[in-house]
Amino acid sequence: MAANETAQASLWHGTTILTVRKGGLVAVGGDGQVSIGQTIVKANAKKVRRLGKGDVIGGFAGATADAFTLFERLESKLEQYPGQLTRAAVELAKDWRTDRFLRRLEAMMIVADKDISLVLTGTGDVLEPEGGITGIGSGGNYALAAARALADGPLDAEAIVRRSLDIAAEICVYTNRNVTIETLKAA
């Protein structure tokens, strides 16, 4: 990457993506803010969506075009390995780490199906969160902390994600309250 491209990429600030598994439900949510430096470029981006045949939810933090490239690649892997999210994710991570083009992509993903939630990174990581809760992006740790605090209470997975993203938006200037949440019945 040229120095100018690196400088430009560092100006793009992420988002907040959170997943929570609780009470037979998995919820993945994300805010809608896209920023360049200190400027909000878009407030209603959809960073969480269903993948494959609708049985996988994915959310991304990082460069939008890069994330959509990764979503397309993951969907291809899900077609190749139907019903095997972990296998598809590992195969994507291998490609992401070794392919010259993919190696340059700057994004992180959370993906979930009825059985498992995973975090995928460009360094080849495929991580299953402890306790079924994980967050990524600039406000990810704030949302993660809030979700862990709320997990033992009466709220269901979707409500925990919604409240945790709201808390993250109170703290992180790169996170807003325009959220998208997708849910699946968990195994």
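The values are calculated or read from the model by the stated rules, or taken from the named source; none is laboratory data. This is a predicted model, so every value here is computed, not measured. Using ideal geometry, Cβ is built from the backbone for each residue, glycine included, and neighbour counts are taken over all protein chains shown.
Summary table
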| quantity | calculated |
| --- | --- |
| Selection from the range 142-156 of residues that are farther than 12 Å from T16 by Cα and in contact with a strand residue (DSSP E or B) (Cβ under 7 Å, 6 or more places away or on another chain) | A147, R148, A151, D156 |
| Near pairs, Cβ below 9 angstrom, 6+ apart or cross-chain, from the range 118-132 (under 16 Å from V20 (Cα atoms)) to any residue that is outside any strand (DSSP E or B) and charged (D, E, K, R) | L118/E128; V119/D125; V119/E128; G131/R148 |
| Identity of the residue in the range 77-92, part of a helix (DSSP H, G or I) and out of contact with any helix residue (DSSP H, G or I) (no Cβ under 6 Å at 6 or more places or on another chain), that ends up nearest to I181 (Cα to Cα) | L85 |
| Close pairs from the range 41-58: first on the phi < 0 side of the Ramachandran plot, partner in a loop (DSSP other than H, G, I, E, B) and of a type in the set (G, A, S), Cβ under 6 Å, at least 6 apart | A43/G32; N44/G32; A45/G32 |
| Selection count, the range 93-121, where residues are touching a strand residue (DSSP E or B) at 6+ places or on another chain (Cβ under 7 Å) and either modelled with pLDDT under 90 or part of a loop (DSSP other than H, G, I, E, B) (or both) | 7 |
| Subset tally (residues that are surrounded by fewer than 24 Cβ atoms within 10 Å (Cβ to Cβ) and either in contact (Cβ under 8 Å) with a residue 60 or more places away in the chain or out of contact with any Phe, Trp or Tyr (no Cβ under 6 Å at 6 or more places or on another chain) (or both)) for the range 155-175 | 13 |
| Sole exception among (1) modelled with pLDDT under 90; (2) among the hydroxyl-bearing types (S, T, Y); (3) farther than 24 Å from A168 by Cα for T86, by number | (1) |
| Whichever residue in the range 157-187 is in contact with a strand residue (DSSP E or B) (Cβ under 6 Å, 6 or more places away or on another chain) and among the acidic types (D, E) and, among such residues, is nearest to G54 (Cα to Cα) | E182 |
| Entirely in the range 1-76, the strands (runs of 3 or more DSSP E) that have 1 or more residues that are surrounded by 13 or more Cβ atoms within 10 Å (Cβ to Cβ), at pLDDT 95 or above and hydroxyl-bearing (S, T, Y) | 16-22 |
| Per-region count, the range 148-187, residues in contact with a helix residue (DSSP H, G or I) (Cβ under 9 Å, 6 or more places away or on another chain), more than 18 Å from K47 (Cα to Cα) and outside any helix (DSSP H, G or I) | 4 |
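Residues are listed down the side, and each one gets a yes or a no for (1) surrounded by fewer than 18 Cβ atoms within 10 Å (Cβ to Cβ); (2) modelled with pLDDT under 95; (3) small (G, A, S); (4) more than 23 Å from L92 (Cβ to Cβ):
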| residue | (1), (2), (3), (4) |
| --- | --- |
| G124 | yes, yes, yes, no |
| G137 | no, yes, yes, no |
| A143 | no, no, yes, yes |
| A146 | no, no, yes, yes |
| G153 | yes, no, yes, yes |
| T180 | no, no, no, no |
| A186 | no, yes, yes, no |
